[in-house]
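J.: Pasting a structure here, questions to come.
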Amino acid sequence: MSNRSIRPIWPWFTNLVTAVTTVARGMLVTLRTWLGTHQAGRQTFTEEFEYPELGAPVAARYRGYHRFDLTTCIACDQCAKACPVDCIYIGKERAEGAKGFRVTGYTIDYTKCMFCALCVEPCPVDCIFMGATHDLSSYSRDGAVVDFSRLPLEVAWGKATLNPTAVAASKTATRPAPGGLNASV
């Protein structure tokens, strides 16, 4: 056997020691950070903010689920035209005895919405704006499609926040909410 076929084993051991010490240093940094952030009296998110009973605090310019005032909407379609993902659907019909349109349905599909707030700016009567609600949980995709014309009046008029319970109840409604649907230009 020649000396050329036998390689020294020391470089392999030095690489092994280097790898183990590097991993150990990294784990010490992780352990130090974990021990520094783990406090004995620290509460979980739900204990601190009592979520979902009380909403979590959000920034002033937070873009959450929309708030919509059904009474002032004139069905001009400006918000739907400005939406880059086409998630706003407006049902309207000619108002009898007056000029303009009557809103028969105002639906936003939140499975498509990217919360860009581009629909808020072109509205001439300021009937749509971004809200502070950050949760609209549902068990199906249908729960993320919200028809504001079928919601209870306090939610449809923008006086109350959009919540999963109101959206689920609106799915069983047989006709749009009364009043406020005959806005005209």
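J.: In region 1-59, which residues are at pLDDT below 75, part of a helix (DSSP H, G or I) and farther than 25 Å from residue 135 by Cβ?
T.: 36, 37
J.: Something else: Any idea how many residues of region 128-149 are farther than 17 Å from residue 87 by Cα and touching a helix residue (DSSP H, G or I) at 6+ places or on another chain (Cβ under 9 Å)?
T.: Here the count works out to 3.
J.: Hey, does region 61-70 have a residue that's closer than 18 Å to residue 167 by Cα, assigned to a strand (DSSP E or B) and within 13 Å of the chain's Cα centre (by Cα)?
T.: yes
J.: Report whether or not residue 72 is at pLDDT 85 or above, surrounded by 10 or more Cβ atoms within 10 Å (Cβ to Cβ), of a type in the set (Ser, Thr, Tyr) and touching a Cys at 6+ places or on another chain (Cβ under 9 Å).
T.: Values: at pLDDT 85 or above: yes; surrounded by 10 or more Cβ atoms within 10 Å (Cβ to Cβ): yes; of a type in the set (Ser, Thr, Tyr): yes; touching a Cys at 6+ places or on another chain (Cβ under 9 Å): yes.
Yes.
J.: What number of residues within region 94-140 are over 21 Å from residue 165 (Cβ atoms), among the acidic types (Asp, Glu) and surrounded by 13 or more Cβ atoms within 10 Å (Cβ to Cβ)?
T.: Of the residues in region 94-140, 0 are over 21 Å from residue 165 (Cβ atoms), among the acidic types (Asp, Glu) and surrounded by 13 or more Cβ atoms within 10 Å (Cβ to Cβ).
J.: Of everything in region 80-93 that's under 18 Å from residue 70 (Cα atoms) and under 18 Å from the mean Cα position of the chain (by Cα), which residue is surrounded by the most Cβ atoms within 10 Å (Cβ to Cβ)?
T.: 88
The values are calculated or read from the model by the stated rules, or taken from the named source; none is laboratory data. What you are looking at is a predicted structure, and each value in this text was computed from that prediction instead of being measured. Positions of Cβ are backbone-derived with ideal geometry, glycine not excepted, and every protein chain shown enters the neighbour counts.
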